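Notes follow once the structure below has been shown.
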Amino acid sequence: MVDAAGPHPATLRRVLGHYPSGVTVVTAVSDGVPVGFACQSFHSLSLDPPMILVLPARGSTTWPKIRQTGLFCVNILAQEQADLCQAFAVSGGEKFRGVDWRLSDRGSPIIAGASAWIDCDLVGEHDGGDHTIAVGLVMGLESDESRAPLIFHRGTFHTLERV
Ligand SMILES: Cc1cc2nc3c(=O)[nH]c(=O)nc-3n(C[C@H](O)[C@H](O)[C@H](O)COP(=O)(O)O)c2cc1C
């Protein structure tokens, strides 16, 4: 049931949480420092031209730094990376401490052990309410076929089992 004021945020979160997804860490290098944040809202958008979407919250302190670089890398996390995901889901601190990473050709961090990464140029931003719809043009990408993805569903992490 939805009253005139619309759904309660907790209801929205609970119901939408029934839609399972993978989890990513979106990264860039800002003033020589690697930055990133955990981001479930990642979507494929276009094959030609190759484009993807990420949806940073308006309150994200990391996204403005990434925006400034005009570049970002989407790291699709593997099932072993739930702790790493949590580390990137906090505001502030040195999130990359203890994280093994390297630079992509365009200069954004690729996190070791990720199941795939997609290196992007930021080509557009659109209003998405309390989030921003950020469009990335894919400039490079790679996947590790040996790794299973980390799944986020109803507020907790899961692993994928083939049915
Ligand atoms: C599983 C999971 C999924 C998340 N998905 C998103 C998301 O899609 N967009 C977003 O802005 N924040 C998302 N967050 C929250 C951010 O990671 C968190 O608010 C952010 O790291 C805050 O740090 P910042 O201020 O450095 O940006 C998610 C967190 C978790 C644990």
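The values are calculated or read from the model by the stated rules, or taken from the named source; none is laboratory data. Quick caveat: nothing in here was measured; it's all calculated off a predicted structure. Note: ideal-geometry Cβ built from the backbone for every residue, glycine included; neighbour counts use all protein chains shown.
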Please give the number of the condition Val138 fails out of (1) free of Cβ contacts under 8 Å to residues at least 60 places away in the same chain; (2) surrounded by 12 or more Cβ atoms within 10 Å (Cβ to Cβ).
(1)
Could you run through the range 85-98 and say how many residues are more than 9 Å from the ligand (Cβ to nearest atom) and in contact (Cβ under 8 Å) with a residue 24 or more places away in the chain?
1
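Residues are listed down the side, and each one gets a yes or a no for (1) aromatic (Phe, Trp, Tyr); (2) in a loop (DSSP other than H, G, I, E, B):
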{"position": "Asp3", "(1), (2)": "no, yes"}
{"position": "Gly6", "(1), (2)": "no, yes"}
{"position": "Tyr19", "(1), (2)": "yes, yes"}
{"position": "Val29", "(1), (2)": "no, no"}
{"position": "Thr61", "(1), (2)": "no, yes"}
{"position": "Lys65", "(1), (2)": "no, no"}
{"position": "Asn75", "(1), (2)": "no, no"}
{"position": "Gly93", "(1), (2)": "no, yes"}
{"position": "Phe96", "(1), (2)": "yes, yes"}
Might you let me know whether the range 51-65 holds any residue that is modelled with pLDDT under 95 and over 12 Å from the mean Cα position of the chain (by Cα)?
no
Residues of the range 57-84 that turn out to be surrounded by 12 or more Cβ atoms within 10 Å (Cβ to Cβ), among the small types (Gly, Ala, Ser) and either closer than 18 Å to Trp101 by Cβ or near the ligand (Cβ under 9 Å from one of its atoms) (or both), as a count
4
Answer yes or no: is there a residue in the range 152-160 that is in a loop (DSSP other than H, G, I, E, B), touching a strand residue (DSSP E or B) at 6+ places or on another chain (Cβ under 7 Å) and modelled with pLDDT under 95.
yes
Taking the range 31-56 and keeping only residues that are more than 14 Å from Val123 (Cβ to Cβ) and surrounded by 16 or more Cβ atoms within 10 Å (Cβ to Cβ), one is left with Pro34, Val35, Gly36, Phe37, Ala38, Cys39, Gln40, Ser41, Phe42, Leu55, Pro56
Val123 passes all but one of the listed conditions (1) touching a residue at least 60 places away in the same chain (Cβ under 8 Å); (2) surrounded by fewer than 14 Cβ atoms within 10 Å (Cβ to Cβ); (3) within 12 Å of the ligand (Cβ to nearest atom); the exception is number (3)
Within the range 85-102, how many residues are surrounded by 11 or more Cβ atoms within 10 Å (Cβ to Cβ) and closer than 14 Å to Gly113 by Cβ?
6
Test: Ser44 is of a type in the set (Gly, Ala, Ser), more than 12 Å from the ligand (Cβ to nearest atom) and over 17 Å from Asp130 (Cα atoms):
yes
Looking only at the range 31-59, count every residue that is under 23 Å from Asp83 (Cβ atoms), of a type outside the set (Gly, Ala, Ser) and outside any loop (DSSP other than H, G, I, E, B) and tell me the total.
7
Condition check for Ser143: buried (at least 18 other Cβ atoms within 10 Å of the Cβ) and of a type in the set (S, T, N, Q)
no
